[in-house]
Amino acid sequence: MKLFENKNWEQLRKQYSWVADMHGVPQDVQHHAEGDVAVHTQMVLQQLESLPEFIALDADAQEILWATALLHDVEKRSTTFQEPDGGIVSPGHAKKGAMTARQILMSELNIPFAIREAVVGLVRYHGLPLWIMHKPDPLKALLEASLSVNTAWLSILAKADILGRICQDAAEMLDRISFFEAYCLEQHCFGVPFPFETANARFRYFNTENASPMYVPFEDSICEVTLLSGLPGMGKDHYLQKQLKGLPVISLDSIRREHKLKPEDKSATGWVTQEAKEQARVYLRAKKDFVWNATNITKQMRSQLISLFTDYGARVRIIYLEKPYRTWIKQNAEREHAVPNSVLTKLLGKLEVPTPAEAHEVVYEIGS
């Protein structure tokens, strides 16, 4: 497996605009005296390749980490600004960079889902080993990350990130990474997901304040709600007919069509959502399983619905559907209600793939 066949920097710069964009993006001299983002990224790649922990990995793991190192600061280009005191900061570059990495790896490079999401997760959390103890709840932050990324790889990436820069606090930063490794080992999640006793225990921990990861709640759900998630044209309706036949379905698109409301009519979106929620409450009060069929591509969208369902005592299963990029574009074009490609691109930029922390069960239905 090769994510980038040619790893020569100048070739990458010519081939990819997002690599070229790294040149000229300034960094704070206190933390990055080496120069701009392009200089830093090249240094990180060089340091990564020399680390014994990296050399010991298999070829596929090395490819994932190398691609992550290349992409880890990709969105400093859009988030960097100078503060009044002269300092240079890039707030939110990791989160935005993860979403950009997903777009690049999916639409430009056609990278398989599992490999792509491994890179995306590492980009998203690449600063965690340095700042874990600054989080409001360090343990919860660690355990949530462990469900999405390999924390051992995260540690390797963080070391390369520090060694690939010129700064006065490098020794302190490396000590923080050592602490992160020890913390992961102590919590039994170094290189593996934290082993929650049950799915319900995992869900309750991440969705309840001051919860313990060791607490195992009683299984008392009244019904199961299946929440479909996926970009338009990924085959949710087809999946419904093949795999979930017989279950009642709440569909936002169906409500719009029934009331002759156009998808682009944003003023009607709130009403459609409330109508769908009222239908959901009917099923929840009756303790009846059902399916909620909509795109649900962001965590915020899903969390609002999941809160509604679990307030009634339901168990929630998210089914995320995805096809390869070219198949998706072709499939959408053949739909009766096709979505313009420009809209698909915009939605892909907003996509947040569901994580195991969000629901009692998360299923990934990835087509070929």
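Below are the figures for this structure:
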{"quantity": "For segment 132-146, 3J(HN,Hα) per residue [Karplus equation, 6.51 cos²θ - 1.76 cosθ + 1.60, θ = phi - 60°, Hz, x = Gly/Pro]", "calculated": "4, 7, 8, 6, x, 9, x, 5, 5, 4, 5, 5, 5, 4, 5"}
{"quantity": "Environment charge of Ser90, counting only residues whose C-beta is closer than 15 Å and scoring Lys/Arg +1, Asp/Glu -1", "calculated": "-1"}
{"quantity": "Chain lengthening between Trp131 and Thr269 when straightened (0.36 nm per residue, less Cα-Cα)", "calculated": "45.8 nm"}
{"quantity": "Dipole moment magnitude, nearest 20 debye, the chain about Cα centre, only Lys, Arg, Asp, Glu C-beta charged", "calculated": "1540 debye"}
{"quantity": "Helix-only mean residue ellipticity at 222 nm for the chain, each DSSP H run of n ≥ 4 adding -39500 (n - 2.57), per residue, nearest 500", "calculated": "-14500 deg cm²/dmol"}
{"quantity": "Inter-label distance, nm, simple model (7 Å from Cα along the C-beta direction), Ser212/Phe179", "calculated": "2.5 nm"}
{"quantity": "Magnitude of the charge dipole, segment 224-366, Cβ model with Lys/Arg +1 and Asp/Glu -1, debye to 20", "calculated": "100 debye"}
{"quantity": "Integer Hz, Karplus 6.51/-1.76/1.60 couplings in order for segment 360-366, x for Gly and Pro", "calculated": "5, 8, 10, 10, 10, 9, 9"}
{"quantity": "Computed over the chain, Cα set: Rg, Dmax in Å", "calculated": "22.1, 64"}
{"quantity": "Pairs of Cα atoms farther than 18 Å apart, segment 163-315, %", "calculated": "70 percent"}
{"quantity": "Two-site FRET efficiency, Gln241 against Val29, from Cβ-Cβ distance with R₀ of 51 Å, rounded to 0.05", "calculated": "0.30"}
{"quantity": "For segment 336-344, Karplus couplings with θ = phi - 60° (6.51, -1.76, 1.60), whole Hz, Gly/Pro x", "calculated": "5, 10, 5, 9, x, 4, 4, 6, 4"}
{"quantity": "Interchain or long-range residues, amide H under 5 Å from His72's placed H", "calculated": "none"}
{"quantity": "Highest-first arrangement of 91-99, 353-361, where packing means the average Cβ count within 10 Å", "calculated": "353-361, 91-99"}
{"quantity": "Distant-in-sequence amide H partners of Glu224 (H built 1.01 Å from N, under 5 Å)", "calculated": "Asp289, Phe290, Arg315"}
{"quantity": "FRET efficiency, Ala20 to Leu51 (Cβ-Cβ, R0 30 Å, nearest 0.05)", "calculated": "0.65"}
{"quantity": "For Gly367, residues with placed amide H under 5 Å, excluding near neighbours", "calculated": "Glu322, Lys323"}
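Values in this text are rule-based calculations from the coordinates and carry no lab data. The model shown is predicted, which means the values in this text are computed figures rather than measured ones. As a convention, Cβ positions derive from the backbone with ideal geometry for all residues, glycine included, and neighbour counts pool all protein chains shown.
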